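Down below is the structure, laid out as structure tokens.
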Amino acid sequence: MTYDFDKIIDRRGTNSLKWDVLEGELPMWVADMEFQTAPEIRDAILKRAEHGIFGYSVIPQAWFDAYIKWWYRRHHFRMEKEWLLFVTGVIPAISSAVRKLTTAGENVLVQTPVYNQFFTSIVNNGRNVAEAPLRYDGQNYYIDFAELEQKLADPQTTLMILCNPHNPVGKIWDRETLARIGELCFKHHVTVISDEIHCDLTAPDCEYIPFASVSERCRRISVTCITPTKTFNIAGIQTAAIVAADEVLRHKMWRAINTDDVAEPNAFAVDAAIAAFNEGEAWLDALRDYIAGNKRIVSAFLKEKLPEIKPVAAQATYLMWLDLSSLPGSGKEIGSFLRKKTGLYLTDGGLYGTGGESFLRMNLACPRSMVEDGMRRMQEGIAVYKTL
């Protein structure tokens with residue numbers, strides 16, 4: 001089947017967070033796509049809707065099978081049914097984990113720059129953010145393991161939130177790196193929450209490695225959060241899963257999500273997930289190729305027209321992390337100027353913590369014509385900005 005990713009779909013007037021903007025603005029900020037989800041998922045939702053009764057739902061065997069088969073087929077990791085728990089979303093799962101696996105005043109470690117909602121889940125629950133910033137050499141990101149161990153060794157640090165693949169920098173952590181993280185966390189009695197929401201959005205020639213697949217030790221000290229929502233653009237359906245091989249951790253997470261009332265599916269959550277994993281593979285592969293094309297276009301444009309802005313090479317996500325360090329001003333200042341001057345709305349890299357201050361994040365999961373429009377606006381805005 002051929003999929004039309006070039007089609008423009010008007011999302012104004014649909015209560016869209018992304019498109020709650022002024023007329024004429026081009027939102028390329030929050031991480032949802034401008035593409036309709038796979039037709040097989042839409043068909044499953046329509047079929048469920050046509051039934052007309054939307055009572056309480058249970059989790060059928062087919063839901064477990066869909067996750068297990070997908071992770072084995074796509075990611076070479078065999079999960080057991082007993083390891084899986086339904087949850088309404090990755091962030092609800094992380095927030096529940098913070099509340100259940102730590103106590104008030106303890107530290108939760110993150111590797112900045114990193115997804116900003118991690119900070120919200122930590123701070124809103126009375127815990128402290130411990131940052132172990134990634135190192136950036138002007139081209140690539142890597143982990144300073146000496147600093148990471150120093151932060152993990154703090155007796156007040158009891159939980160680490162790992163972003164795998166890493167948002168916003170688009171890094172896929174290799175097996176050796178993940179194993180080393182696991183060994184350090186085991187050594188210092190730190191539990192790992194691995195957010196793997198972007199795991200299927202890798203470049204066509206790249207694969208991610210599930211943290212829990214690396215070793216028995218990694219599997220036993222971790223809780224993994226996975227979902228089809230980012231991959232298939234169904235975040236509003238609120239459907240995800242927790243994977244916990246360790247019986248004690250799994251029981252704690254079961255208690256946590258049931259205490260927080262985020263363990264029950266809505267009427268569409270189960271059917272959408274099953275359809276995504278059982279029938280959405282061809283759509284996803286076509287999507288990954290299309291996004292890779294968008295990234296090539298932006299990289300070539302910046303190299304030719306805006307060499308002051310350097311895209312960071314990424315192996316995952318449909319986001320582009322833009323290095324503005326050769327320009328005066330912060331990412332926040334430049335982003336605000338671009339939005340005011342041209343209507344191009346990007347995300348301030350400073351929201352992602354230490355190391356993000358000179359960056360902007362750009363969402364390229366959109367039709368090519370929107371990418372080209374965004375580039376034109378950026379070129380126009382930066383030309384004016386440089387004269388100030």
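Looking only at segment 342-358, residues that are of a type outside the set (S, T, N, Q), under 20 Å from F301 (Cα atoms) and open to solvent by 10 Å² or more (accessible area, probe 1.4 Å) come to 2 in all. When the residues of segment 302-341 are narrowed to those that are in contact (Cβ under 8 Å) with a residue 60 or more places away in the chain and among the β-branched types (V, I, T), which ends up surrounded by the fewest Cβ atoms within 10 Å (Cβ to Cβ)? Looking at residues that are in contact (Cβ under 8 Å) with a residue 60 or more places away in the chain and among the β-branched types (V, I, T), I get V312. Only residues that are closer than 22 Å to I237 by Cα and surrounded by fewer than 21 Cβ atoms within 10 Å (Cβ to Cβ) were counted in segment 286-299, giving 1.
For the structure I just gave you, tell me whether G280 is of a type outside the set (D, E) and within 30 Å of E40 (Cβ to Cβ). Before the answer, list the steps.
On the way: of a type outside the set (D, E): yes; within 30 Å of E40 (Cβ to Cβ): yes.
Against the criterion (of a type outside the set (D, E) and within 30 Å of E40 (Cβ to Cβ)), G280 qualifies.
Within segment 70-89, the residues that satisfy the criterion of being among the hydrophobic types (A, V, I, L, M, F, W, C) and under 25 Å from S57 (Cβ atoms) are W70, W71, M79, W83, L84, L85, F86, V87. Summed over segment 8-48, residues that are within 26 Å of G381 (Cα to Cα), open to solvent by 90 Å² or more (accessible area, probe 1.4 Å) and either at pLDDT below 95 or not charged (D, E, K, R) (or both) total 3. For segment 83-101, check the following and say yes or no: at least one residue is out of contact with any Phe, Trp or Tyr (no Cβ under 7 Å at 6 or more places or on another chain), over 25 Å from E247 (Cα atoms) and surrounded by 11 or more Cβ atoms within 10 Å (Cβ to Cβ). No: segment 83-101 contains no residue that is out of contact with any Phe, Trp or Tyr (no Cβ under 7 Å at 6 or more places or on another chain), over 25 Å from E247 (Cα atoms) and surrounded by 11 or more Cβ atoms within 10 Å (Cβ to Cβ). Among the residues of segment 357-388 satisfying the criterion of being touching a Lys or Arg at 6+ places or on another chain (Cβ under 8 Å) and of a type outside the set (A, V, I, L, M, F, W, C), which is farthest from L287 (Cα to Cα)? Here the residue is Y385.
In segment 72-96, the residues that are farther than 21 Å from I234 by Cα form Cβ pairs under 6 Å with partners that are open to solvent by 10 Å² or more (accessible area, probe 1.4 Å) and among the aromatic types (F, W, Y), at six or more places apart or across chains, as follows: R78/Y72; K81/F64.
Inspection of segment 259-278 identifies no residue that is assigned to a helix (DSSP H, G or I), closer than 20 Å to F211 by Cβ and open to solvent by 10 Å² or more (accessible area, probe 1.4 Å).
Out of all the residues in segment 107-126, is one or more surrounded by 13 or more Cβ atoms within 10 Å (Cβ to Cβ), under 18 Å from P210 (Cβ atoms) and either of a type in the set (V, I, T) or in contact with a Gly (Cβ under 8 Å, 6 or more places away or on another chain) (or both)? Taking every residue of segment 107-126 in turn, none turns out to be surrounded by 13 or more Cβ atoms within 10 Å (Cβ to Cβ), under 18 Å from P210 (Cβ atoms) and either of a type in the set (V, I, T) or in contact with a Gly (Cβ under 8 Å, 6 or more places away or on another chain) (or both). Comparison of A132, A153, A146 shows that the only residue that is open to solvent by less than 10 Å² (accessible area, probe 1.4 Å) and free of Cβ contacts under 8 Å to residues at least 40 places away in the same chain is A132.
Being over 16 Å from D154 (Cα atoms) and open to solvent by less than 30 Å² (accessible area, probe 1.4 Å) is the filter here, so list the residues in segment 166-181 that pass it. Even if it seems obvious, please write down each step before you answer.
Restricting attention to segment 166-181, the residues satisfying the condition of being over 16 Å from D154 (Cα atoms) are 166-180.
Of everything in segment 166-181, those that are over 16 Å from D154 (Cα atoms) and open to solvent by less than 30 Å² (accessible area, probe 1.4 Å) turn out to be H166, N167, P168, V169, G170, I172, W173, T177, L178.
In the set A245, A212, A241, which member is modelled with pLDDT of 95 or more, part of a helix (DSSP H, G or I) and crowded, with 18+ Cβ neighbours inside 10 Å? Before you say what the answer is, go through the steps one by one.
Numbers: A245 fails: part of a helix (DSSP H, G or I); A241 fails: part of a helix (DSSP H, G or I).
Just a single option satisfies the conditions, and that option is A212.
Quick check on this structure: which one of K252, K230 is in contact (Cβ under 8 Å) with a residue 60 or more places away in the chain, outside any loop (DSSP other than H, G, I, E, B) and crowded, with 22+ Cβ neighbours inside 10 Å? Can you show your working first?
On the way: K252 fails: crowded, with 22+ Cβ neighbours inside 10 Å.
Criteria check complete, one pass: K230.
The values are calculated or read from the model by the stated rules, or taken from the named source; none is laboratory data. It should be emphasised that the depicted structure is a prediction, and the values quoted were computed from it without experimental measurement. Backbone-built Cβ (ideal geometry, glycine too); neighbour counts: all protein chains shown. With ligands, DNA and RNA removed, areas are computed over all heavy atoms of the protein, side chains included. Shrake-Rupley method; radii C 1.70, N 1.55, O 1.52, S 1.80 Å.
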